[in-house]
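The values are calculated or read from the model by the stated rules, or taken from the named source; none is laboratory data. Please read all numbers here as calculations on a predicted model, not as lab measurements. Note that we place each Cβ from the backbone using ideal geometry, even for glycine, and neighbour counts take in every protein chain shown.
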């Protein structure tokens, strides 16, 4: 362990950090020669973009103390990897300052830091030495690292023969079991299987007693589970820098309105119109998201063109969360509504209390034939994304479903 033990001590401080790149290799090399000859580095011109240049990271500021986990999120190309490489000392910034105290463990590229011709065991010693640990300290951690990585049978095999998942397990095991003061983790955990990912998240929670963690992921439930601060990057700039993790995650999702959809069916039913009503008033369906209030009642209205060839049918509305998981269904058959109308048909469905958690969802609709024996028949119509909604006004909690019920307190 490092000698740094003060719980409130700032281990990572980033001030005005900026980094620019050039889109053209030839131009980039020419700029590099010019800068070298003119001694431009550090001058005011460094803050200006030249032709074909862009900011990969622009004016980033944050502090991170022991016991804090920073969730670093944003779309692909937002600047996350560039920022991590600067923090890990792999590239230099064009402006700003990074101050890091203590030992730094980083897992930012699959297989980075491993010598492919050396065995897993030999790479453990190499990585431990890079982190600044003595051979005696590594010896004391060796068995725990091998056990955590679940590589007992393969630890003396060259790393070049490891699968991607095995490399991730070994890399994380070294970084986590050596207990650095600062731990940087990129999206590489997504390569591991679900059991190992859960194991890693649990281990990160344990490390937070003595470590500052920077965690990059596109999997928001993981970020929500372990982060207590968040930075949302967009085109290299921070558009959210807050201790309100839920707000940052919500803004992340709002950057990605889901417009993808699958429309199918046998063509016997066609959708003419879909609207959501509150208090007999149609909501503005031209907005990016239709905002719905938590625990209020709403009416979903379908206007259909139904062929005379159809048989009895039922309607199902599905509610899909931001991670493409179906979290709720609203079936007409459960309410004993089976339809057989033909021609131009209006179907309304009332939700008495919308108890979806705060956030964005898409509504899908499926209209299915019902056969005489009660089995599901043909799909008459299907739309995986008929409308995007934004649920607001949840008093507390951010789970997909919020339960309400009676509470009682009895003094024992």
Flag if residue 184 is touching a strand residue (DSSP E or B) at 6+ places or on another chain (Cβ under 9 Å), farther than 17 Å from residue 126 by Cβ, assigned to a helix (DSSP H, G or I) and modelled with pLDDT of 85 or more: no
Any chance residue 357 is at pLDDT 85 or above and over 22 Å from residue 274 (Cβ atoms): yes
Residues satisfying the stated conditions in the stretch 310-352, i.e. under 38 Å from the mean Cα position of the chain (by Cα), under 22 Å from residue 277 (Cβ atoms) and in a loop (DSSP other than H, G, I, E, B): 332, 352
Single unsatisfied condition, residue 161 versus (1) farther than 22 Å from residue 221 by Cβ; (2) surrounded by fewer than 21 Cβ atoms within 10 Å (Cβ to Cβ); (3) touching a residue at least 40 places away in the same chain (Cβ under 8 Å): (3)
Selection within the stretch 52-67 - touching a helix residue (DSSP H, G or I) at 6+ places or on another chain (Cβ under 6 Å) and surrounded by fewer than 17 Cβ atoms within 10 Å (Cβ to Cβ): 52
Qualifying residue in the stretch 188-207 (condition: at pLDDT below 85, surrounded by 17 or more Cβ atoms within 10 Å (Cβ to Cβ) and in contact with a strand residue (DSSP E or B) (Cβ under 7 Å, 6 or more places away or on another chain)): yes
Filtered residues of the stretch 279-298 (kept if in a strand (DSSP E or B) and over 32 Å from the mean Cα position of the chain (by Cα)): 281, 282
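Just to be sure, is residue 370 more than 17 Å from residue 291 (Cα to Cα) and in contact (Cβ under 8 Å) with a residue 12 or more places away in the chain?
Against the criterion (more than 17 Å from residue 291 (Cα to Cα) and in contact (Cβ under 8 Å) with a residue 12 or more places away in the chain), residue 370 qualifies.
Only one of these is out of contact with any helix residue (DSSP H, G or I) (no Cβ under 9 Å at 6 or more places or on another chain) and either on the phi > 0 side of the Ramachandran plot or surrounded by fewer than 17 Cβ atoms within 10 Å (Cβ to Cβ) (or both): 346, 323, 383. Name it.
Result of the check over 346, 323, 383: 346.
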Sole exception among (1) surrounded by fewer than 18 Cβ atoms within 10 Å (Cβ to Cβ); (2) over 36 Å from the mean Cα position of the chain (by Cα) for residue 369, by number: (1)
Strands (runs of 3 or more DSSP E) fully within the stretch 6-112 counting 2 or more residues that are modelled with pLDDT of 90 or more and either outside the structural domain of residue 248 (by TED's automatic domain parsing) or closer than 30 Å to residue 245 by Cβ (or both): 10-22, 53-65, 69-74, 95-100
